[in-house]
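Encoded as structure tokens, the structure appears first; notes follow it.
The values are calculated or read from the model by the stated rules, or taken from the named source; none is laboratory data. Just so we're clear, the structure is a prediction, and the values are computed from it rather than from any experiment. Here the Cβ is made from the backbone with ideal geometry for all residues, glycine too, and neighbour counts use every protein chain on show.
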Amino acid sequence: MSRPGFTTILEKDSPPMMFNAGDGFHYEKLPEGTRVIYPPGPVDALADPNVAIERALLEPMGMEPLHELLRPGMKLTIVFDDVSCPLPPMRPPDNRQLVIEKVLEKAYAKGVEDIHLIAALGLHRRMTEKELRWALGKKIMGSFYPDRLYNYDAEDEEGNTVIGETDHGEQVRISKRAAESDLVVYVNINLVAMNGGHKSVHTGISPYSSIRHHHNAHTLRNTKSLMDPPNSALHGSVNRMGEVLDANLKVFHIETTLNNATFPGVFNFMARPEHEWNSVTKANFLANHKATSKMPRSAARRIFQSIVAPHKMTSVQAGATDPVHTETLKHLHRQHLVHVEGQSDVLMLGVPYIGPYNVNSIMNPILVHNMVLGYLFNLYKGKPLVREGGVIIATHPVPNEFDDVYHPSYRPFFEEVLSQTTDPHEAEKRFEEKYIYDPWYRTLYRNAHAYHGWHPFTTWQWGAHALDHLGDVIFVGGDPYTTARMGYKRADTVAEALQIAQDTVGPNPSKTYMHIPPLFMCEVS
């Protein structure tokens, strides 16, 4: 078994702490009495993933075995998670490849010929051919791409169809190919507790007309942890949609989980407690720290984006949506959950170089906001690690840099929308339609590799609950222009940030450092 997550209180002679700071590192000694929470080590991987997949397909939860659902002449659609997970990309073979190969094997044995594979983008960017090959392998690509293996298109009016409506008036609209299929098989990698379950279909192969019901400022403001589905208004909405879908379409879910073996040897210092560093670990850190601090940010970014994770599959479960996802969450919590006593006045976080929306790209200022206030703040079950009115201190340079190929609407959102308002509700009300229906953004989404023009609105809204909860946010090393534009403060060091935080939380605040990466979540008592 892995090392469990643990909490320690720093003593006077404790070593400095390493903070991730985007495409670089920050290294600083924290005050005596700071609470540091470390993630669990990697849980045991499955001894033989192929055997486990076979068993899951033969003994599914709440549905017939997969082979009994297959027959000649049927229409089968296999949908799979897009490039936003896993993070970093995993060393091949990817979970999606292993699972889909087994599904296809059974489909061929039953004489199924009408098979399509769809990358579940929702309003994310299209996956490149290289990314699809990495996720699915050469054999699947050679057999299906591009005619029967393709990216979902939310802007194809003829390619999406309405299934029904929930009792809350939420339109359930999905891919027409999936809706007209005799069976949809959804293949998932559940990296965090927010994903999977009914959310897979209702964000992955749904257009804006459906996604708008759960990805909006009001819903996200009332989502009391994205990572704790029972307390999430977003999950309440997708679950209602799921009830409508299940009454009209047979969906066979296959969900997998990974351990948190996130970094290869040369970068393993990022996931190890500093007091466990040996001479080799220290040398690796110092070499990387020195190199990335001196080279151009673009060069450092290329190095980080080249990291391939030695993740291993830890579970696979198949069948009906709800029982499958309940079991998936148990495995996720086994890897991620750390029990913590009490909230803190100040929460300190290192910000990783990668998130779900900047794979092979730049983490622009809005995506930094999304990572800190959307993802990292929400890594809790029950109640936040930082108290109401408390302060988050995050280490990131927040550079004024944007990828205009992958994120064409983000720079205009930053300059136009945030210059007028940082309130998610006001931004949605005043500007959202302009970005949703912009013909150029729609063209880039459909024909290039661009996130939908609406996408910066949802990544900004992702922080709605945190903005209500927190008293302040301070970025260590943050660019003065970008942090001010977003309504945040900046400091040169963690020590300086802690001094600034006292203006909000008072003198001698309680301090917690959540040692990320790898990702984990806290159950706060």
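Look through region 345-370, keep the residues that are outside any strand (DSSP E or B) and of a type in the set (Gly, Ala, Ser), and return whichever of them is farthest from Glu415 (Cα to Cα). My answer is Gly355.
Residues in region 328-339: is at least one farther than 24 Å from Ala501 by Cβ and among the hydroxyl-bearing types (Ser, Thr, Tyr)? Taking every residue of region 328-339 in turn, at least one turns out to be farther than 24 Å from Ala501 by Cβ and among the hydroxyl-bearing types (Ser, Thr, Tyr). Against the criterion of being of a type outside the set (Val, Ile, Thr), part of a loop (DSSP other than H, G, I, E, B) and modelled with pLDDT of 95 or more, Ser2 does not qualify. Among the conditions (1) surrounded by fewer than 24 Cβ atoms within 10 Å (Cβ to Cβ); (2) touching a residue at least 24 places away in the same chain (Cβ under 8 Å), Gln461 misses just one, which is (1). Here the condition is being outside the structural domain of Phe413 (by TED's automatic domain parsing), assigned to a helix (DSSP H, G or I) and not hydroxyl-bearing (Ser, Thr, Tyr); of Leu329, Leu373, it holds for Leu329 alone. Once region 43-66 is narrowed to residues that are part of a helix (DSSP H, G or I) and free of Cβ contacts under 8 Å to residues at least 12 places away in the same chain, the residue that is farthest from the chain's Cα centre (by Cα) is Leu58. In region 104-118, the condition of being in contact with a helix residue (DSSP H, G or I) (Cβ under 8 Å, 6 or more places away or on another chain), more than 28 Å from His214 (Cα to Cα), surrounded by fewer than 23 Cβ atoms within 10 Å (Cβ to Cβ) and among the β-branched types (Val, Ile, Thr) is met by at least one residue.
Pairs meeting the criteria (first residue in region 67-96 and touching a residue at least 60 places away in the same chain (Cβ under 8 Å), second residue hydroxyl-bearing (Ser, Thr, Tyr) and surrounded by fewer than 23 Cβ atoms within 10 Å (Cβ to Cβ), beta carbons under 6 Å, at least 6 apart or on different chains) are Lys75/Ser181; Thr77/Ser181. Filtered by the rule that a residue be over 22 Å from Leu183 (Cα atoms) and in contact with a helix residue (DSSP H, G or I) (Cβ under 7 Å, 6 or more places away or on another chain), region 306-332 gives Ile307, Met313, Thr314, Ser315.
Could you go through region 80-92 and let me know if any residue there is surrounded by fewer than 16 Cβ atoms within 10 Å (Cβ to Cβ), farther than 24 Å from Thr458 by Cβ, over 19 Å from the mean Cα position of the chain (by Cα) and at pLDDT 95 or above. Checked region 80-92: at least one residue is surrounded by fewer than 16 Cβ atoms within 10 Å (Cβ to Cβ), farther than 24 Å from Thr458 by Cβ, over 19 Å from the mean Cα position of the chain (by Cα) and at pLDDT 95 or above.
Yes/no per residue for (1) assigned by TED's automatic domain parsing to the domain that holds Asn231; (2) within 30 Å of Leu347 (Cα to Cα); (3) buried (at least 21 other Cβ atoms within 10 Å of the Cβ); (4) of a type outside the set (D, E, K, R):
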| position | (1), (2), (3), (4) |
| --- | --- |
| His407 | no, yes, yes, yes |
| Glu415 | no, yes, no, no |
| Gln420 | no, yes, no, yes |
| Lys434 | no, no, no, no |
| Pro439 | no, no, no, yes |
| Asn447 | no, no, no, yes |
| Ala450 | no, no, yes, yes |
| His465 | no, yes, yes, yes |
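For the criterion of being crowded, with 17+ Cβ neighbours inside 10 Å, modelled with pLDDT of 95 or more and touching a Ser or Thr at 6+ places or on another chain (Cβ under 6 Å), Ala309 passes. Going through (1) assigned to a helix (DSSP H, G or I); (2) touching a residue at least 12 places away in the same chain (Cβ under 8 Å); (3) surrounded by fewer than 17 Cβ atoms within 10 Å (Cβ to Cβ) one by one, Ala497 falls short only on (3). Selection of region 70-89 for residues being in contact with a Leu (Cβ under 8 Å, 6 or more places away or on another chain) and under 21 Å from Ile303 (Cβ atoms) yields Pro86, Leu87. Among the residues of region 321-353, those identified as among the β-branched types (Val, Ile, Thr), farther than 24 Å from Asn239 by Cα and surrounded by fewer than 24 Cβ atoms within 10 Å (Cβ to Cβ) are Val338, Val340.
Listed by position, the strands (runs of 3 or more DSSP E) enclosed by region 152-264 that each have at least 3 residues that are buried (at least 22 other Cβ atoms within 10 Å of the Cβ), at pLDDT 95 or above and of a type outside the set (Val, Ile, Thr) are 251-258.
Taken over region 481-494, the criterion of being farther than 25 Å from Gln461 by Cβ and out of contact with any helix residue (DSSP H, G or I) (no Cβ under 8 Å at 6 or more places or on another chain) is satisfied by Asp492, Thr493, Val494.
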